[in-house]
Amino acid sequence: KSSKREWKPLEDHSCTDVPWLLLFVLFCIGMGFICGFSIATGAAARLLSGYDSYGNICGQKNVKVEGIINSGLDLTHKKYVFFLDPCNIDLVHQKIKSIALCVSACPRKELKTLADIQKFAETNGSTLCSYELQPSEYTTDPRAAKLCPKYPVPESAPIPFFHRCAPVNISCYAKFAEALITFVSDSSVLHRLISGVMTSKEIIMGLCLLSLVLSMILMVIIRYISRVLVWILTILVILGSLGGTGVLWWLYAKQRISALETQVAKDNLQALLIYAIAATVFTVILFLIMLIMRKRVALTIALFHVAGKVFIHLPLLVFQPFWTFFVLILFWTYWITVLLFLGTTGSPVPNEEGFVEFRMAGPLKYMWWYHVVGLIWISEFILACQQMTVAGAVVTYYFTREKRNLPFTPILASVNRLICYHLGTVAKGSFIITLVKIPRMILMYIHTQLKGKENACARCMLKACICCLWCLEKCLTYLNQNAYTATAINSTNFCTSAKDAFVILVENALRVAAINTVGDFMLFLGKVLIVCSTGLAGIMLLNYQRDYTIWVLPLIIVCLFAFLVAHCFLSIYEMVVDVLFLCFAIDTKYNDGSPGREFYMDKVLMEFVENSRKSMKEAGRGGGAEGRELKPM
């Protein structure tokens, strides 16, 4: 029934999946409640101002904690957290195992003895030993060995906005750094790598800008070189398969002529015969597939050409990754801030060492699970909004017969339709992806925790489940994207749109395969081109730098950034091609070019349709695969 229903592009607009929008709004209110709760319970003040080991927040008056000495102090003039042993880091629990105190100033120079610590307290009024010791007792009281900082006390400076005294020289964190960077065993290597990055920061920024410019240029010219890329790919595949098969048969013939004296030589000859036969079968199958797919490849080239025109008419599409990335950064910053709040939320509880820890009791201690689900769902929601925005703009371009009548800003018009009508559909689609991501992340966490402990069978089953969930996630993401396109065309709810899009994709399965193989490979070549060009420029520029010895890390950073930039831009291009294909499939299904049922498509796609019709007429009406595919026209 879905395939017979008439599509009416951009004629009706109605709200879709309203219950899911309400559910998403309620979920976001829950996220806001977690943030408000953590702030109301003092977590924000403890995170920003810092607190000592006795539960006192630095820079304010405090309330007494029952059973804890040195709690409830007035620390209005002591605004900085100071650790007696800042280099004693617990790698397992990722925290500093040291007594923390509130001090009025951080030591700006190294203090080598207790006398220096005492002089610093008398001069600056900042007592670095525990509260029960007076500065005059630092050198005489035997308790000073435990209640005063481990000396020499390193030079430190306050961290901006967080009021913690941190050592200026990070060498004491070498153990922690080695745990994170396992390939660095020599601290001097780490220092040289970091100095290389700092010295070449201008070059790194310039090369990152170069990768950005190259990506934008490639998006403009790719429609002109798409045909060349496809033919180069086809020729390389043909030559590679023929060459490999020919070499195998040549080796087999050469060894057969020579005398075979040992059993090993006979086994090798038999293996060569098997390999040559297998390569021949593979080459024949590959040729048959390319023969069948040759006309679908022509469609891929035409779609890439039209996609280039879309970017000319809708130049703001190029900047779509920037807005999405900016919104994601804002949300991730908020999420990490609230996560840090949750780490200091709770009631003060004495631990086994007699100090204070803040812990949540009851159901509230599971709030961070809700917070993690929020990270996945809202991130997927933001990405889905980008997909719906791109789909809406491209649909408007495709189904507008006179391109001069396009809205002034189709992107903003698409955003307006998204906000007014389709946020519920986006919320539902992103929730489905979240349902698949969460089990996969749980299994990955279990696999990491059991690494080296589970048997081979359990390890294989875990990896198989993770792989299956990953494949399911990719398939659902592709179906979701096409469902958003169907929603942008017909303003239907998510399930109806997904069903309609699925029917269209199944009816054009060979074309979909051609676009997702040839097209994706072309875009992959584009990414490789940008990374190689940026890397080559980086090698040439960094080669002239003599201020450091190692420039491998700057080059790796530049290449990674170039790949990410190219992926962001070309993924938009891929998205546009997918939307254009679904519009084209719908256009050819319900229109035939006759009066009253004129095509919406571009001239390039029209030429493809005309060539297909001529081929169909020449081949007769034998009911072949191509005839069945073009029959609706």
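The values are calculated or read from the model by the stated rules, or taken from the named source; none is laboratory data. Since the structure is predicted, the reported quantities are computational estimates derived from the model, not experimental observations. A quick note on method: Cβ atoms are made from the backbone with ideal geometry, for glycine too, and the neighbour counts reach across all protein chains shown. The protein model used for the area step is the full one, side chains on, heavy atoms only, and it has no ligands, DNA or RNA in it. Shrake-Rupley method; radii C 1.70, N 1.55, O 1.52, S 1.80 Å.
Go through the stretch 597-609 residue by residue and turn each phi into a ³J(HN,Hα) via Karplus (6.51, -1.76, 1.60, θ = phi - 60°); whole Hz please, and just put x for glycine and proline.
So the J values, rounded to whole Hz, are 10, 6, 6, 8, 5, 6, 4, 4, 5, 4, 4, 4, 5.
Hey, if you put +1 on the Cβ of every Lys and Arg and -1 on every Asp and Glu Cβ in the stretch 190-614, which of V228, V327, A566 ends up farthest toward the positive end of that dipole?
Among V228, V327, A566, the one farthest towards the positive end of the dipole of the stretch 190-614 is V228.
For T41, list long-range residues whose amide hydrogen, built 1.01 Å from N in the peptide plane, is under 5 Å from its own amide hydrogen.
Residues meeting the criterion, in which the H sits 1.01 Å from N, do not exist here.
With every protein chain kept in the model, how would you rank T113, T434 by accessible area, 1.4 Å probe, largest at the top?
T113, T434
Hey, what do the phi angles of the stretch 423-438 turn into as Karplus ³J(HN,Hα) couplings, whole Hz, using 6.51/-1.76/1.60 and θ = phi - 60°, x for Gly and Pro?
With the stated coefficients, the stretch 423-438 comes to 5, x, 5, 5, 4, 5, x, 5, 5, 4, 5, 4, 4, 8, 5, 4 Hz.
Over 24 Å between Cα atoms, which of K365/K451; K78/K119; K109/K150 qualify?
K365/K451
Under the Karplus relation 6.51 cos²θ - 1.76 cosθ + 1.60, θ = phi - 60°, what is the ordered set of whole-Hz ³J(HN,Hα) values for the stretch 530-539, x standing for Gly and Pro?
5, 5, 5, 5, 5, x, 5, 4, x, 4
In terms of modelled amide H atoms, which long-range or inter-chain residues lie less than 5 Å from the amide H of E357?
Correct list: V349, N351.
With the crude spin-label approximation of a point 7 Å out along Cα→Cβ, what separation in nm comes out for E137 versus M461?
Once both label points are built, they end up 6.2 nm from each other.
Excluding ligands, DNA and RNA, what is the solvent-accessible area per residue of the stretch 190-614 at a probe of 1.4 Å, expressed in Å²?
That works out to 51 Å² for each residue.
State whether the stretch 31-83 is rounded, prolate or oblate according to the following rule on the C-alpha gyration tensor (a ≥ b ≥ c being the square roots of its eigenvalues): a/c under 1.5 gives rounded; otherwise a/b larger than b/c gives prolate, and the remaining case gives oblate.
prolate
Roughly how many Å² of I432 are accessible to a 1.4 Å probe, to the nearest 10?
Roll a 1.4 Å probe over it and I432 shows about 50 Å².
With a ≥ b ≥ c the root eigenvalues of the C-alpha gyration tensor of the stretch 285-373, is it rounded (a/c under 1.5), prolate (a/b larger than b/c) or oblate?
In terms of gyration-tensor shape, prolate.
Assuming 0.36 nm per residue, please report the length gained on full extension of the stretch V506 to K146 beyond their Cα-Cα distance.
122.2 nm
Before I look further, what does the stretch 131-171 give for accessible area per residue, probe 1.4 Å, in whole square angstrom?
63
Filter the GluC sites (Glu not before Pro) in the stretch 107-140 to those in DSSP coil with at most 13 other Cβ atoms within 10 Å of their Cβ, and list the result.
Sites meeting the loop and neighbour criteria: E132.
Under 5 Å between amide H atoms, partner at least 5 residues away or on a different chain: which partners does R164 have, H built in plane at 1.01 Å?
Close amide H contacts, sequence-distant or interchain: V81, I159.
Could you tell me the distance between the Cα centroids of the stretch 420-466 and the stretch 299-342, to the nearest Å?
One Cα centre to the other: 24 Å.
Kindly sort Y138, Y421, Y445 by accessible area of their heavy atoms, largest first, with the probe set to 1.4 Å.
Putting Y138, Y421, Y445 in descending order of accessible area: Y445, Y421, Y138.
What figure, in Å² to the nearest 10, do you get for the accessible area of K428 with a 1.4 Å probe and non-protein molecules left out?
Solvent-accessible area, nearest 10 Å²: 30 Å².
As a test question: what accessible area, to the nearest 10 Å², does T41 have when a 1.4 Å probe is rolled over all protein chains in place?
50
Over what distance in Å are the Cα centres of the stretch 366-406 and the stretch 101-116 separated?
So the two Cα centres are separated by 54 Å.
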